[in-house]
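*Asks:* Please read through the structure below; I'll follow up with questions.
The values are calculated or read from the model by the stated rules, or taken from the named source; none is laboratory data. Only a predicted model underlies this, so the values are computations on that prediction, with no experimental measurement involved. Every residue, glycine among them, receives a Cβ derived from its backbone with ideal geometry; neighbour counts consider all protein chains shown. With ligands, DNA and RNA removed, areas are computed over all heavy atoms of the protein, side chains included. Shrake-Rupley method; radii C 1.70, N 1.55, O 1.52, S 1.80 Å.
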Amino acid sequence: MFTLTLGIIATCSLAALVAGFIDSIAGGGGLITVPALLLSGVPPHFALGTNKVQSSIGTGVAVCMFAHGHLVLWRLALTGLPFSLAGSWIGSVLALHLDEAVLGKVLVLLLPMAMCLTLLPKKERQEKTLPLQGRAFWILMPAVCLSIGCYDGFFGPGTGSFLILALHWILRCGLVQASASAKVLNLTSNVGAMLVFLWSGQVLWPLALPMVAASVLGNWLGSRTAMRVGPRAVRLFLTISLGLLMLTLIWRYFVAPHL
């Protein structure tokens, strides 16, 4: 029988604060909050539901901050929404038939490459408009959102980080713009999942509410940091997020099965 204590509330709220800060800049906050909830003894379904509530509201704050700073590329974000949702549905169906462990092991091999690409010194794209236009945009944007949405539905961890990388490298957005626009896509998928957990009553509200407050603060601080420091902040925390994801996958698919 799970018993909620002040220590658990404090620990999970601190995790939500740190996760909100990192997630608002580079994605990957769930790699902190979900393990914190599970290690605290919260039952898995309640852990996922509680996490979605705090994550959705926190991400909403980050979206508002970036939108106020005119950093969200709305044409890009709104174009990608239906394809992200469709991809998520396709990925969920595939998850019923394919082994996710194969994908997890492949990602462990690919993540160091993504981290190196992120750290490579290069001229930053700072424009306030979407550099990629015309036919290329209408081909690549649906392809990016459909494929990453499919990954999100099938597997999930690191979706926000992969969106930022794809928007930066494929759609040629600046890193801060990519982070801001990816938050809109993340918010949509988060809210959809949150409504499912709310409907099924799998949210631990005495824990969710303080985590929401901490997540709001973390997302507010993180989005301000991204806007003030710029691409350097996004690159740093994107590397941290991808590093957390790689460690999580190594543990899950290479270490844990042999314990």
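*Asks:* Tell me, please, whether a residue that is aliphatic (A, V, I, L, M), outside any helix (DSSP H, G or I) and touching a residue at least 40 places away in the same chain (Cβ under 8 Å) can be found in segment 33-55. Please lay out each step first, then the result.
*Replies:* At the first step, the residues of segment 33-55 found to be aliphatic (A, V, I, L, M) are 34, 36-39, 42, 47-48, 53.
Among the residues that remain, those that are also outside any helix (DSSP H, G or I) are: 42.
Narrowing the set further to residues that are touching a residue at least 40 places away in the same chain (Cβ under 8 Å) leaves 42.
Yes, because at least one residue in segment 33-55 is aliphatic (A, V, I, L, M), outside any helix (DSSP H, G or I) and touching a residue at least 40 places away in the same chain (Cβ under 8 Å).
*Asks:* Within segment 135-151, track down each residue that is surrounded by 17 or more Cβ atoms within 10 Å (Cβ to Cβ) and farther than 12 Å from Leu76 by Cα. Let's see the steps before the verdict.
*Replies:* Step one: filter segment 135-151 for residues surrounded by 17 or more Cβ atoms within 10 Å (Cβ to Cβ), giving 137, 141-142, 144-151.
Within segment 135-151, Leu146, Ser147, Ile148, Gly149, Cys150, Tyr151 qualify.
*Asks:* Now, a different point. Go over the candidates Val216, Val184 one by one and state the one that is over 22 Å from Ser92 (Cα atoms) and β-branched (Val, Ile, Thr). Please lay out each step first, then the result.
*Replies:* Working: Val184 fails: over 22 Å from Ser92 (Cα atoms).
Just a single option satisfies the conditions, and that option is Val216.
*Asks:* Right, another one. For segment 83-97, enumerate the residues that are open to solvent by 50 Å² or more (accessible area, probe 1.4 Å) and at pLDDT below 70.
*Replies:* Within segment 83-97, Leu96 is the sole residue that qualifies.
*Asks:* Which number in (1) at pLDDT 90 or above; (2) buried (at least 16 other Cβ atoms within 10 Å of the Cβ) marks the one condition that Leu76 misses?
*Replies:* Tallying (1) at pLDDT 90 or above; (2) buried (at least 16 other Cβ atoms within 10 Å of the Cβ), Leu76 fails exactly one: (1).
*Asks:* Please go through segment 220-235 and pick out each residue that is within 18 Å of Leu163 (Cα to Cα), in contact with a helix residue (DSSP H, G or I) (Cβ under 8 Å, 6 or more places away or on another chain) and either open to solvent by 70 Å² or more (accessible area, probe 1.4 Å) or assigned to a helix (DSSP H, G or I) (or both).
*Replies:* Across segment 220-235, the qualifying residues are Gly222, Ser223, Ala226, Pro231, Ala233, Val234, Arg235.
*Asks:* Scan segment 183-207 and report the pairs whose first residue is in a loop (DSSP other than H, G, I, E, B) and whose second residue is modelled with pLDDT of 85 or more and among the acidic types (Asp, Glu), with Cβ atoms within less than 6 Å and a gap of 6+ or a chain change.
*Replies:* none
*Asks:* Output the number of residues of segment 25-39 satisfying the condition of being open to solvent by 20 Å² or more (accessible area, probe 1.4 Å) and either in contact with a Ser or Thr (Cβ under 6 Å, 6 or more places away or on another chain) or charged (D, E, K, R) (or both).
*Replies:* 1
*Asks:* Name the single residue that is most open to solvent (accessible area, probe 1.4 Å) among those in segment 56-73 being assigned to a helix (DSSP H, G or I) and over 16 Å from Leu217 (Cβ atoms).
*Replies:* Residues of segment 56-73 that are assigned to a helix (DSSP H, G or I), as a first pass: 56-68.
From what is left, the residues that are over 16 Å from Leu217 (Cβ atoms) are 66-68.
Details: Phe66: 0, Ala67: 35, His68: 151 Å².
Among those that are assigned to a helix (DSSP H, G or I) and over 16 Å from Leu217 (Cβ atoms), it is His68.
*Asks:* Are any residues in segment 1-24 open to solvent by less than 50 Å² (accessible area, probe 1.4 Å), among the small types (Gly, Ala, Ser) and over 21 Å from the mean Cα position of the chain (by Cα), and if so, which ones?
*Replies:* Across segment 1-24, the qualifying residue is only Gly7.
*Asks:* What are the residues in segment 163-177 that are assigned to a helix (DSSP H, G or I) and open to solvent by less than 40 Å² (accessible area, probe 1.4 Å), if any? Walk me through it before giving the result.
*Replies:* Residues of segment 163-177 that are assigned to a helix (DSSP H, G or I), as a first pass: 163-169, 175-177.
Answer for segment 163-177, where residues must be assigned to a helix (DSSP H, G or I) and open to solvent by less than 40 Å² (accessible area, probe 1.4 Å): Leu163, Ile164, Leu165, Ala166, Leu167, His168, Leu175, Val176, Gln177.
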